[in-house]
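J.: Just passing along the structure, written as structure tokens.
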Amino acid sequence: FQGTVDFRPFLTVPAVPFFGKLGRTSTWAAGVHVLEGDFTLDSCATLTLSSGVKVLAKPNKDVLRSGGDTSRSEFIVRGTLSSLSTQPDSILFADSSTSPASGDWGGLRFFHPSRGNLGFTRISHADTAISV
């Protein structure tokens, strides 16, 4: 995708490389979702992550060259991010590399007045796991 990603309400996002902006309510189904650049959850949007979602950032890549770090993907939350995860099938935010290294991607960035509920969520190989 290029530019703004604007999904219909409750649409399940395809498991392909993406970046851009989500401006509506959506649910991501279990599976792998790859970030190639900054992803912004708009202030009017709610994103629900189902059990088994894996959000993998391509290391040291931000095709938009935006956000706080113009060289690494960041998951920017301005709306509401919620998980429906369970302990045996947790949600994962990580690097997509076969040899991940610390700081390969920017991490989750929450900006006022965002909200988050991330039970049973793992975050790895980010510069800063969660920034509020």
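The values are calculated or read from the model by the stated rules, or taken from the named source; none is laboratory data. Everything numeric here is computed off the predicted structure, so don't read it as measured data. When we count neighbours, we look across all protein chains shown, and the Cβ atoms used for this are built from the backbone with ideal geometry, even at glycine. Accessible surface is based on the protein model in full, side chains and every heavy atom, while ligands, DNA and RNA are left aside. Shrake-Rupley method; radii C 1.70, N 1.55, O 1.52, S 1.80 Å.
J.: Just to make sure I understand: if all protein chains stay in place, what is the order of ILE76, ILE123, ILE130 by accessible area at 1.4 Å, largest first?
T.: Ranked list, largest accessible area first: ILE130, ILE123, ILE76.
J.: In nm, give the distance between the simple-model label positions of HIS112 and SER124, each being 7 Å from the Cα along the Cα-to-Cβ direction.
T.: For HIS112 paired with SER124, the spin-label model returns 3.5 nm.
J.: If the cut-off is a Cα-Cα distance under 19 Å, which aspartates and glutamates reach LYS21, setting aside same-chain residues fewer than 8 apart in sequence?
T.: The reachable aspartates and glutamates, counting only those whose Cα sits under 19 Å from LYS21, are ASP6, GLU36, ASP38, ASP42, ASP62, ASP69, GLU74.
J.: Further question on the same structure: If you count the DSSP beta bridges with both ends in the chain, what percent of them are antiparallel, to the nearest 5?
T.: 5
J.: Give me the percent relative contact order of the chain, please, defined on Cα pairs under 8 angstrom at least 6 residues apart.
T.: 20
J.: Which residues in the stretch 84-121 place their backbone N less than 14 Å from a point set 7 Å from the Cα of VAL132 along the Cα-to-Cβ direction?
T.: 108-119
J.: Keeping the other protein chains in place, figure out the carbon and sulfur percent of the accessible area of the chain, with a 1.4 Å probe.
T.: 51
J.: Using the scaling law 2.2 N^0.38 Å as the reference, what is the normalised Cα Rg of the chain?
T.: 0.93
J.: Next up: So how much slack lies between SER102 and SER43, counting 0.36 nm per residue of separation and subtracting their Cα-Cα distance, in nm?
T.: 18.3 nm
J.: How large is the charge dipole for the chain, taken about the Cα centre, if only the Cβ atoms of Lys, Arg (+1) and Asp, Glu (-1) carry charge, to the nearest 20 debye?
T.: 240
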